[in-house]
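The structure appears below as structure tokens.
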Amino acid sequence: MLRPQLKDRRIELTVVEPQPYLTFQPLLAEVAAGSIDPRHVVVPLRAALPDCRVLTARVTRIDHASRTAWVDAAPRGELRLPTEVPYDVLVMAPGSVSRTAPVPGLAEHGMGFATVGEAVALRNHVLEQLDLASSTRDPELRQAALTFVFVGAGYAGVGALAELEDMARTATKGYHNLEPDDLRWVLVEAKDRILGEETSELADHTHAELRERNIDVRVATTLESAADRIMVLSDGSRFAARTLVWTAGVRPAPVLSLTDLPLDGAGRITCLPTLRVVDAEGVALPDAWAAGDCAAVPDHTGELCAPNAQHALDQAKLLAENLAAELAGNPLTGYRSDRPACSTSLGLHRAVAHTRRGTRLTGRRAWWLHRARQLRRLPSRERRVRVLMDWLFGGLFPREVVSLGTIEHPRAEFESGFESDPATGPGG
């Protein structure tokens, strides 16, 4: 967004990102359900930013006082001296990571849902549980394999659960001893309703639709323990489950703690409505900007914007405009948070959505609107075409319901050959 507005081509833009691609997170639920090829929701940064210098590296420190950043391109676990990267203007937009909690067993048995790898792993895991349930003669193990728990009922949690439930329901048709009603899906939400950022009417509609699909929705409930794969809820429930997905909110990216920028109580960078970084006294820091989930940005009402994709996209556009205006000596514009146009898919041909004008949609019309929005927001024309083709082929053929769990450990079978044949030595 920024490069097209910069007339001076002598200005060099450097992008530092640990991954060489951008992940379009709103479509991860459809990746997990097998509706979209995982490669089609990631955009290679070097291809998308041909006029920028892209560094695939982790930021280890930022000293804005000296206008210097230190980055490390070595894989995690390897030691390498960080490289100094001097700069004139700093833009912080590292986003957020999953917000976890000290729940016993969560670290050992829980799964996140914020990356393409996690979406693919979750899909493989769900299908593997169906295989396990179909093969075992242990009734307790079978029930645990067919129980799927999602904690967090925001857009990500509801969308992921609904898409995967739809996929698993289809997958049971391939098993002689599994029925859709054998599957147990549990959605746990700490607040008193699901989709807290959505209107109460659409949230209630979504709640009712999930219940019609025999999804157990628990509001005003928290997960107390997941030790030994036994789910203990605050309402007194206790049951075994081999699948636990954690989508209970986000927190600012940890890299913010490695900077000398001012942070608020939630760990976000304090900003003015113009997206300039501001200190505790309300004085704007020179040459420092921030946007997205990592930034505490007040809107025109004085309220801080929630960390969601809609605000991040709108702030990115404004940040590019204000940076260009700053360089040109023109006045800056404050961020104005209009009613976000949000939506979430609930499986094939089902969704809920509302427009900026307040129109509320459900069912097939909302599903078409949701897909049109995501297609328009994808930051690559090539990726838009590829996703569209995925959807078109998905309408002609049934979903792919094959688990490729072995791709998560590609060397396992090769290594097992050495274990089964101890005589094998180097070179064969």
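For n ≥ 4 DSSP H runs only, could you compute -39500 (n - 2.57) per run for the chain, divide by its residues and tell me the 222 nm figure to the nearest 500?
Numbers: 11 runs with 130 residues, N = 428.
Computed ellipticity for the chain at 222 nm equals -9500 deg cm²/dmol.
For the residue pair Arg356 and Asp287, what label-to-label distance in nm results when each label sits 7 Å from Cα along the Cα-to-beta-carbon direction? Calculated label separation equals 3.5 nm.
Please find the FRET efficiency linking Ala266 to Ser225, where r is the Cβ-Cβ separation and R0 is fixed at 35 Å, and quote it to the nearest 0.05. Kindly include the intermediate steps, with their values, before the conclusion.
On the way: r = 26 Å, r/R0 = 0.75.
FRET efficiency, Ala266 to Ser225: 0.85.
Here the extension length gained between Ser200 and Ser403 equals 69.4 nm, from 0.36 nm per residue of separation less the Cα-Cα distance. Please report the spacing between the Cα centers of the stretch 160-181 and the stretch 184-225 in Å, no decimals. Centre-to-centre (Cα) distance: 20 Å. The separation of the stretch 48-75 from the stretch 1-41, counted between C-alpha centres, amounts to 16 Å. The gain in end-to-end length when the Leu396 to Arg213 segment is fully stretched comes to 63.4 nm, 0.36 nm per residue minus the alpha carbon separation. Taking the Cα centre of the chain as reference, the dipole from Cβ charges on Lys and Arg (+1) and Asp and Glu (-1) amounts to some 1420 debye. Here the relative contact order of the chain, from alpha carbon pairs under 8 Å that lie six or more residues apart, stands at 18 percent. Multiplying the residue separation of Glu140 and Arg99 by 0.36 nm and removing their Cα-Cα distance gives an extension gain of 11.6 nm.
Bear in mind these aren't lab numbers, they're just calculated from the coordinates by the rules spelled out. Computed from a predicted structure; not experimentally measured. Please note: Cβ atoms are built from the backbone with ideal geometry, for glycine as well, and neighbour counts cover all protein chains shown.
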